[in-house]
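Asks: Structure incoming, see below.
The values are calculated or read from the model by the stated rules, or taken from the named source; none is laboratory data. What you see is a predicted model; the values in this text were computed from it and never measured. Cβ placement follows ideal geometry from the backbone for every residue including glycine, while neighbour counts extend to all protein chains displayed.
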Amino acid sequence: MSTTTAPPTTRNLETVGLTKSFGGVHAVQDATVTFHHGKINALIGPNGSGKTTFFNCVTGMIKPDSGTVTFKGEDITGKASHKIARAGIGRSFQLCRIFPRMTVLENMLVAVRNSRLRELLRGARNAEEIDKARALLVRVGIDHLENVEARNLSYGQQKLLELAGVLMGDPDTIMLDEPAGGVNPALIGRIGTLVQELNAEGRTFLVVEHNMDMVMSLSHHVIVFDRGAPIAEGTPAVVQSDPRVLEAYLGV
């Protein structure tokens with residue numbers, strides 16, 4: 001994977017003073033960050049540094065205690081997750097959220113925002129959506145598995161299915177939570193290539209990831225969290241040489 005040339009910087013998603021606590025534990029604490037439009041942005045940090053909680057606050061899975069989230073100039077703080085998805089933000093999860101006893105193609109059709117699971121189970125299918133789903137399965141490289149139940153896929157294939165499902169909603173900003181976690185090296189490379197290709201087509205990425213080789217080869221902009229707050233940001237080269245990062249994240 002080679003580093004993609006970054007387009008000009010504009011603001012895509014911003015948080016100001018974002019805070020979320022659980023039982024007195026500050027999972028996210030006064031986080032003020034900016035993710036850049038048209039770039040592959042990475043959010044890294046040690047386990048327990050608040051990355052997934054931050055993602056959940058941004059995407060409406062949980063409500064922050066305070067602070068604001070702005071997407072392309074619109075305040076989306078505390079909005080329902082389906083409304084945030086409709087605004088143009090798609091996301092994957094640290095643990096794949098798929099329907100294990102449904103086929104790969106059925107999972108794709110459920111992923112469409114306007115589809116209803118009950119209609120799908122009755123056999124109601126939209127030809128245009130089926131064509132779109134199949135084209136995306138070809139793109140991620142699992143079209144040959146469309147009639148296989150999702151539970152029978154490898155974990156890496158499930159990650160590809162989840163990404164393809166996200167793309168069914170045509171988001172212009174995609175948030176990936178540990179896309180390389182539990183995935184074999186060959187499929188990590190495939191996921192990385194897909195991210196680069198989609199970014200080159202104009203989609204913005206926000207990626208939480210522990211695989212530093214992947215992060216540093218893909219990212220244009222890196223933000224580092226520690227104890228629920230950002231401690232450093234910049235290009236991969238800048239972040240890797242920051243003493244605060246070496247201490248907090250790399251243990252140096």
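Asks: Out of the residues in the range 79-98 that are surrounded by fewer than 16 Cβ atoms within 10 Å (Cβ to Cβ) and within 22 Å of A135 (Cα to Cα), which is modelled with the highest pLDDT?
Replies: Restricting to residues being surrounded by fewer than 16 Cβ atoms within 10 Å (Cβ to Cβ) and within 22 Å of A135 (Cα to Cα), the top hit is R86.
Asks: Applying the selection to the range 100-128, what residues are at pLDDT below 90 and not aliphatic (A, V, I, L, M)?
Replies: R113, N114, S115, R116, R118, E119, R122, G123, R125, N126, E128
Asks: Take the residues in the range 64-78 that are on the phi < 0 side of the Ramachandran plot and in a loop (DSSP other than H, G, I, E, B), then tell me which one is surrounded by the most Cβ atoms within 10 Å (Cβ to Cβ).
Replies: The qualifying residue surrounded by the most Cβ atoms within 10 Å (Cβ to Cβ) is P64.
Asks: Being in contact with a Pro (Cβ under 6 Å, 6 or more places away or on another chain) and hydrophobic (A, V, I, L, M, F, W, C): is that true of V28 here? Lay out the reasoning, then the answer.
Replies: Numbers: in contact with a Pro (Cβ under 6 Å, 6 or more places away or on another chain): no; hydrophobic (A, V, I, L, M, F, W, C): yes.
No: the conditions fail for V28.
Asks: Name the helices (runs of 4 or more DSSP H) wholly inside the range 130-230 in which the number of residues that are within 25 Å of S241 (Cα to Cα) and in contact (Cβ under 8 Å) with a residue 60 or more places away in the chain is 2 or more.
Replies: In the range 130-230, the matching helices (runs of 4 or more DSSP H) lie at 185-200, 212-218.
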